[in-house]
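Colleague: The structure under discussion is supplied below as structure tokens; questions concerning it will follow.
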Amino acid sequence: QKEVEQDPGPLSVPEGAIVSLNCTYSNSAFQYFMWYRQYSRKGPELLMYTYSSGNKEDGRFTAQVDKSSKYISLFIRDSQPSDSATYLCAMSLRNFNKFYFGSGTKLNVKP
Amino acid sequence: EPEVTQTPSHQVTQMGQEVILRCVPISNHLYFYWYRQILGQKVEFLVSFYNNEISEKSEIFDDQFSVERPDGSNFTLKIRSTKLEDSAMYFCASSVDRQAEAFFGQGTRLTVV
């Protein structure tokens, strides 16, 4: 069973749409949850970082963690063409020595 | 804004040669990581490093790999005898604290021919 599962997409939406990106995981010991944005052939750029369950909002981005369902989400409001990228979820155990990444969801926001 | 910088951006090497990938982490960060991403695949953990010691390493990080912090600013990944399957993007990351966010560099694309 894979540690972190993420739908690879591609996900294509019109500009202004609300985007929902999701990951599921199998290891209930994961404590820290992150979302990264990666443009083609570039490094992952940190978007959101959350600890344990709950919601966190930052501008147009909202991260949700549901530990009981082993499910995390990233919502993007009022999506823009510049949001077109691959979105990676990542998670870590309590010792935070390493991150387990999802395979990434490719998002295309059409003008 | 502080950032993690990696050099070179692209390295081509012959199979069997040694390569050193260089990283300058964010200056007040204490925890350092190397990850790699083979084209079309997941970002994979290689090694984490703190206080001049390896904290954890993956199965990929075998005897051909080593890391070093030769001075107060650089963090290097050495691959001793490169193989074709080592071709990938290699990312360095750093964080200020064990449980703080990790910031990634732009990567070094390694091509082994």
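Colleague: Output the residues belonging to segment B:1-16 that are open to solvent by 100 Å² or more (accessible area, probe 1.4 Å) and either more than 13 Å from every other protein chain (Cβ to nearest Cβ) or at pLDDT 95 or above (or both).
Modeller: B:14, B:15
Colleague: Right, something else. Just one of the numbered conditions (1) under 20 Å from residue A:103 (Cα atoms); (2) touching a strand residue (DSSP E or B) at 6+ places or on another chain (Cβ under 7 Å) is not true of residue A:58; which one?
Modeller: (1)
Colleague: A further question follows. Those residues that are open to solvent by 70 Å² or more (accessible area, probe 1.4 Å) and farther than 13 Å from residue B:21 by Cβ, I need them from segment B:73-113; list them, please.
Modeller: Hits for segment B:73-113 are B:83, B:84, B:85, B:97, B:98, B:99, B:103, B:113.
Colleague: How about segment B:33-54: which of its residues are farther than 18 Å from residue B:74 by Cβ, assigned to a strand (DSSP E or B) and either of a type in the set (Asp, Glu) or more than 9 Å from every other protein chain (Cβ to nearest Cβ) (or both)?
Modeller: Keep residues of segment B:33-54 that are farther than 18 Å from residue B:74 by Cβ, which gives B:36-45.
This time we only want the ones that are assigned to a strand (DSSP E or B), so: B:36-37, B:43-45.
Once the filter is applied, which keeps residues that are farther than 18 Å from residue B:74 by Cβ, assigned to a strand (DSSP E or B) and either of a type in the set (Asp, Glu) or more than 9 Å from every other protein chain (Cβ to nearest Cβ) (or both), segment B:33-54 yields B:36, B:44.
Colleague: Still on this model: If I ask for residues that are more than 14 Å from chain B (Cβ to nearest Cβ) and surrounded by 12 or more Cβ atoms within 10 Å (Cβ to Cβ), which ones from segment A:6-25 would you list? Walk me through it before giving the result.
Modeller: Here is the first cut: in segment A:6-25, the residues more than 14 Å from chain B (Cβ to nearest Cβ) are A:11-22, A:24.
If the condition is that a residue be more than 14 Å from chain B (Cβ to nearest Cβ) and surrounded by 12 or more Cβ atoms within 10 Å (Cβ to Cβ), then A:11, A:12, A:13, A:15, A:17, A:18, A:19, A:20, A:21, A:22, A:24 are the ones that fit.
Colleague: Could you tell me which residue of segment A:69-111 is most open to solvent (accessible area, probe 1.4 Å), considering only residues that are farther than 26 Å from residue A:15 by Cα and of a type in the set (Lys, Arg)?
Modeller: A:94
Colleague: Continuing with the same structure: Identify, from the list A:31, A:6, the residue that is polar (S, T, N, Q) and within 24 Å of residue B:90 (Cα to Cα).
Modeller: Criteria check complete, one pass: A:6.
Colleague: Looking at residue B:22, is it within 11 Å of chain A (Cβ to nearest Cβ), open to solvent by 80 Å² or more (accessible area, probe 1.4 Å), charged (D, E, K, R) and assigned to a strand (DSSP E or B)?
Modeller: no
Colleague: Report yes if some residue within segment B:56-67 is within 10 Å of chain A (Cβ to nearest Cβ), over 12 Å from the mean Cα position of the chain (by Cα) and touching a residue at least 12 places away in the same chain (Cβ under 8 Å); otherwise report no.
Modeller: Looking through segment B:56-67, at least one residue is within 10 Å of chain A (Cβ to nearest Cβ), over 12 Å from the mean Cα position of the chain (by Cα) and touching a residue at least 12 places away in the same chain (Cβ under 8 Å).
Colleague: If you don't mind, there's one more thing I want to ask. Scanning for something assigned to a strand (DSSP E or B), modelled with pLDDT under 90 and open to solvent by 70 Å² or more (accessible area, probe 1.4 Å), does segment A:27-49 turn up at least one residue?
Modeller: no
Colleague: Hey, another quick one. Determine the pairs where a residue that is free of Cβ contacts under 8 Å to residues at least 12 places away in the same chain, located within segment A:90-102, has a partner that is aromatic (Phe, Trp, Tyr) and outside any loop (DSSP other than H, G, I, E, B) with Cβ atoms under 6 Å apart, the partner being 6 or more residues away or on another chain.
Modeller: Note: pairs meeting the criteria are A:98/B:45.
The values are calculated or read from the model by the stated rules, or taken from the named source; none is laboratory data. All of these numbers come straight from a predicted model, not from anything done at the bench. Backbone-built Cβ (ideal geometry, glycine too); neighbour counts: all protein chains shown. The protein model used for the area step is the full one, side chains on, heavy atoms only, and it has no ligands, DNA or RNA in it. Shrake-Rupley method; radii C 1.70, N 1.55, O 1.52, S 1.80 Å.
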